[in-house]
1. What distance in nm separates the two pseudo spin-label positions at Thr85 and Ser51, each 7 Å out from Cα along the beta-carbon direction?
2. What FRET efficiency comes out for Ala115 versus Lys141 if R0 is 22 angstrom and r is the Cβ-Cβ distance? Round to the nearest 0.05.
3. Under 13 Å between alpha carbons, and skipping anything fewer than 8 positions from Lys117 in its own chain: which aspartates and glutamates qualify?
4. Suppose every Lys and Arg Cβ carries +1 and every Asp and Glu Cβ carries -1, with no other charges. What dipole size does region 56-165 come out with about its Cα centre, to the nearest 20 debye?
5. Restricting to DSSP loop positions (anything but H, G, I, E, B) with no more than 12 other Cβ atoms inside 10 Å of their own Cβ, which chymotrypsin sites (Phe, Trp or Tyr not before Pro) remain in region 68-133?
6. Report the Rg/Rh value for region 37-151, based on alpha-carbon coordinates and the Kirkwood definition of Rh.
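Any read-out appearing in this document is the output of simple, stated calculations on the displayed coordinates, not a laboratory observation. Please read these numbers as outputs of a predicted model, since none were measured by experiment. Methodologically, a virtual Cβ is constructed for each residue, glycine included, from the backbone with ideal geometry; neighbour enumeration extends over all protein chains shown.
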Amino acid sequence: MRIRITRRRLTRNPGAGPGLAVLASAAGLVALAQPPAAAAGSPAGKGVPWSTHHGTATASGTRRTERDGSALFPALVVRGELKNTGTGCYSVWVQWTYDFAGMPPRKHVTQCGPATKPVDYRLPSYSLTTTGSIFVCKGDKDTSDCGPRESLTSWPVGTPRTGRQ
């Protein structure tokens with residue numbers, strides 16, 4: 001039994017083959033993994049402000065990305081405080097959507113009575129297909145009575161111009 005092996009002649013430019021397409025796609029993904037320049041924060045480098053409220057409670061702070069040298073995607077760091085001026089309990093909740101798949105909300109801090117508690121949250125891997133919001137709800141059990149949601153993943157397109165144009 002004879003096996004016949006035929007040789008094929010390469011008729012196209014080897015630099016334009018599928019390897020180059022894969023390399024170009026990978027470079028595009030790495031570029032997409034970079035957060036927008038404004039995501040790094042305000043001109044002072046302290047982050048983009050966020051705030052929300054409900055009932056007698058307000059929550060506010062800043063959000064920014066932090067890059068770890070070994071990570072493909074940056075971390076999203078959310079810091080601030082929950083302040084309650086009334087007698088009831090209020091909680092800060094965060095809800096994420098990863099690649100169009102919504103996750104249930106998660107409670108991060110609760111304050112009962114008049115006082116202030118820090119909000120300190122870190123999402124270890126933030127990509128452009130991750131969206132999230134932060135909001136304040138009455139009580140500490142569920143999200144049935146909540147205030148407005150504030151986006152944690154929409155970034156300013158540019159810095160507002162001031163002075164002469």
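1. Using points 7 Å along Cα→Cβ, the separation is 1.2 nm.
2. So the FRET efficiency works out to roughly 0.65.
3. The reachable aspartates and glutamates, counting only those whose Cα sits under 13 Å from Lys117, are Glu81.
4. Here region 56-165 has a charge dipole of around 340 debye.
5. Phe100
6. Rounded to two decimals, Rg/Rh equals 0.99.
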